[in-house]
Amino acid sequence: MKNILGYDYYISTEPLASRMRPQDLDEFVGQTHLISSGKILRRMIEEDKVSSMIFWGPPGVGKTTLASIIANKTKSEFVNFSAVTSGIKEIKKVMDDAERNRAYGRKTILFIDEIHRFNKAQQDAFLPYVEKGSITLIGATTENPSFEVNNALLSRCKVFVLNALTKDDIVSLLKRAISSDKGFGKLEIEISDECLEMIALFSNGDARMSLSTLEMVILNSEIVDGIIKVNKSDIEQITSKKSLLYDKNGEEHYNIISALHKSLRNSDPDAGIYWLARMLEAGEDPLYVARRLIRFASEDVGLADPNALGLATSAYDACHDIGMPECALALTEVVVYLALSPKSNSLEVAYNSAKEDALKQIDEPVPLVIRNAPTRLMGELGYGKGYQYAHDTEEKLTNMQCMPDSLIGKVYYNPAGQGMEARCKARLEEIKKWKRDHGWKG
């Protein structure tokens, strides 16, 4: 501990994020869909009626904090267990202790941080104790529990999804840390809302990261006449990030994603890479970027290069599985591929045209010839009468009517001559010629 600013104030060796951990739900920031007044999770905690559950969400959103609040509120024996440092031996000891508690009429709540790190055998070891009520299991995971938690165990747990904190949530948290005696409340600190927003954007919805960054910034900022003065350059040095003009919820967000999309449409890989970097380095969610690239692959490339959609979807999976900064190169790969791909918007034009007809025209009946006839009555009414099974023909084609009467002859899909779609265009022309030659009305 050390004295600073010439008066009797000491900085704890305990990290700020730990000192500021909420002790009750009123101090908790974010997750209002779970813990606002009347919500089921809040009632379960306040009434000490906690059942087995799993908290699923990204890092730093309050999974362990909620477990800590449960520990403070519950009348049960609360055991904090780490999947990183524990094995079958440790599990067996905890279960034996829980059995003894049950024999004396006491409940045991077992909190398992990073439950996805347990293998199937380790997870199976908990199952009989959950089933007979020896323990109430609370797991925390950053991974989709549908894939990482055994089905038998998952079926006995209520899954609560925790969302990344918003910029406003983080700013509120930082202001509390500055004013609270548990944080820096005894210090005179001068920091602008703009600086707080910089820290919030850098933390990308992670409360723990935001508090750690604030702590580092305050302890390394200039002191003038007993006042700690925090400026933008201090934050840029601490975070190794330039303050970029980018607001994930504001106009610049839409300006830059538009710039990326239009650069790719104009087949400019360098511009595409630049706008991608602008977004990612300013703290944009890589999953958002990946979703936009998937859309671009269908909207602007389409069947001119069908591989584009698969590559974009793979990049989305990479962003989900490994996150930043590792997934930045996967996104860069897709950006370059899409920029260099042949372009076609024929799928977008086709769908929008069909959508307009579907919304504006009356709902015409499906032609009888292509209706199923699973019952005798439907067969008697003519359902499926005259149906032609294309696979039974040599050309795999028929002249059967598939459009409603009012839309006969309507064309939605007009393939471009770019890339692979040139083959689609040639094939479609062959199909239509054959059908016309065999009496097809269009």
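The Cα atoms of segment 139-206 cover 54, 23, 13 Å along the three principal axes, with the biggest extent listed first.
Bridges between two residues of the chain, per DSSP, are antiparallel at a rate of about 15%.
Taking 4.7 Å between C-beta atoms as the pairing limit, the chain has these partnerless cysteines: C157, C195, C402, C424.
For segment 281-435, the convex hull drawn through the C-alpha positions has a volume of 174 cubic angstrom per residue.
Given DSSP loops and a limit of at most 11 other Cβ atoms within 10 Å, what is the longest stretch of the chain that contains no such chymotrypsin sites (Phe, Trp or Tyr not before Pro)? Mind dumping the intermediate values first?
Values: sites that count: Y7, Y104, Y389.
Maximal segment without exposed cleavage sites: 105-388.
Counting protein heavy atoms only, the chain has 51 percent of its accessible area on carbon and sulfur, 1.4 angstrom probe.
Rg over Rh of segment 189-228, using C-alpha atoms and the Kirkwood radius, what does it come to? Before the final figure, lay out the partial values.
Working: Rg = 10.8 Å, Rh = 10.6 Å.
The Rg/Rh ratio comes out at 1.01.
For the chain, the longest principal axis of the C-alpha atoms and the axis of helix 167-179 are separated by about 0°.
Taking one quarter of the surface of the C-alpha convex hull of segment 292-338 gives a mean projected area of 2.8 nm². The H on the amide N of G384, modeled in the peptide plane, is under 5 Å from the matching H of V369, I370, R371, each at least 5 residues off or on a different chain.
So for the chain, what are the equivalent ellipsoid semi-axes in whole Å, largest first, each being the square root of 5 times an eigenvalue of the Cα gyration tensor? All intermediate terms of the calculation are to be shown ahead of the outcome.
Numbers: eigenvalues 591, 236, 68 Å².
With the √(5λ) rule applied to the chain, the semi-axes are 54, 34, 18 Å.
Of the trypsin sites (Lys or Arg not before Pro) in segment 115-198, the ones in a loop by DSSP (not H, G, I, E or B) with at most 12 other beta carbons within 10 Å are K132.
For segment 262-321, what class follows from the C-alpha gyration tensor (a ≥ b ≥ c being the square roots of its eigenvalues): rounded when a/c is under 1.5, otherwise prolate if a/b is larger than b/c, else oblate? Oblate, because a/c is 1.5 or more while a/b does not exceed b/c. May I ask for the net charge around I54, where only other residues with Cβ less than 13 Å from the Cβ of I54 are counted and Lys, Arg are +1 while Asp, Glu are -1? Computed value for this residue: -1.
Output the direction-averaged projected area (hull surface divided by four) of the convex hull of the alpha-carbon atoms of segment 25-177, in nm².
Details: hull surface 36.4 nm².
If you wrap the Cα atoms of segment 25-177 in a convex hull and average its projections, you get 9.1 nm².
The largest-to-smallest principal axis extents of the Cα set in segment 388-440 are 33, 30, 17 Å.
Computed from backbone phi, the HN-Hα couplings of segment 298-310 come to 8, 6, 10, 10, x, 7, 5, 8, x, 5, 4, 5, x Hz, rounded to whole numbers (Karplus: 6.51 cos²θ - 1.76 cosθ + 1.60, θ = phi - 60°; Gly and Pro given as x).
Just to confirm, what accessible area per residue do you get for segment 284-442 at 1.4 Å probe, in whole Å²?
On the way: 9830 Å² over 159 residues.
About 62 Å² of surface per residue is accessible.
Note on segment 327-376: percent of Cα-Cα distances in each 10 Å bin, starting at 0 and stopping at the bin with the largest distance, equals 18, 21, 24, 17, 17, 3. Backbone amide hydrogens, once placed in the peptide plane, bring M53 within less than 5 Å of L137, I138, G139, K158, excluding anything fewer than 5 places away on its chain.
Counting only C-alpha contacts under 8 Å and six or more residues apart, can you give the relative contact order of segment 172-240 as a whole percent?
On the way: 68 pairs, mean separation 23.4, N = 69.
It comes to 34 percent, rounded to a whole number.
The values are calculated or read from the model by the stated rules, or taken from the named source; none is laboratory data. Predicted model only: the values in this text are computed from it and were never measured. With ideal geometry, Cβ positions are generated from the backbone for all residues, glycine too; neighbour counts draw on all protein chains shown. Ligands, DNA and RNA are stripped out before the accessible areas are found, and what is left, the full protein with its side chains, is counted by its heavy atoms. Shrake-Rupley method; radii C 1.70, N 1.55, O 1.52, S 1.80 Å.
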